[in-house]
Amino acid sequence: MPQPKKKTSNSKTGHRRAHWIRALDIPNLTTCPQCHAAKIQHTLCQSCMTYKGRSYGVPANER
Ligand SMILES: [Zn+2]
C-alpha cells in the first residue's frame, strides 16, 4: 500500500476541519419554482410537496 510521504501538520488538519464544520451549519437554501418558498436544494419542497415539477403528496395547507 502507498503511504503519505509527510505527516499532516496540525495546521493543515485544522484548516480542513474548519470548512467541514462550516458546511454542516449552513444548509443550501433555494426558492421553490412552484410556490417560491425557501427550501433546501435537491430536496422535496415541504410547503407544496413537489420536486422537479412532480407532486409527491398533498400539500400541508390543503390537507
Ligand atoms: Zn414549493
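Points to keep in mind about this one:
- For the chain, the 222 nm mean residue ellipticity estimated from helices alone, with every DSSP H stretch of n ≥ 4 adding -39500 (n - 2.57) and the total spread over all residues, rounds to -8500 deg cm²/dmol.
- In the chain, taking the dipole from charged Cβ atoms about the Cα centre, the farthest positive-side position among Gln34, Gly14, Gln46 is held by Gly14.
- Helix 10-25 and the longest principal axis of the C-alpha atoms of the chain enclose an angle of approximately 10°.
- Take the convex hull of the alpha carbons in the chain; its mean projected area over all directions comes to 7.7 nm².
- Put a plus charge on the Cβ of each Lys and Arg, a minus charge on the Cβ of each Asp and Glu, and nothing anywhere else: the dipole of the chain about its Cα centre is then about 620 debye.
- Phi to ³J(HN,Hα) by Karplus 6.51 cos²θ - 1.76 cosθ + 1.60 over region 32-47, Hz, x for Gly, Pro: 6, x, 7, 10, 6, 8, 5, 8, 7, 4, 6, 10, 4, 6, 7, 8
Values in this text are rule-based calculations from the coordinates and carry no lab data. Just so it is clear, the structure is predicted and the values come from calculations on it, not from any experiment. Neighbour counts are summed over all protein chains in view; Cβ atoms, including those assigned to glycine, are modelled from backbone coordinates with ideal geometry.
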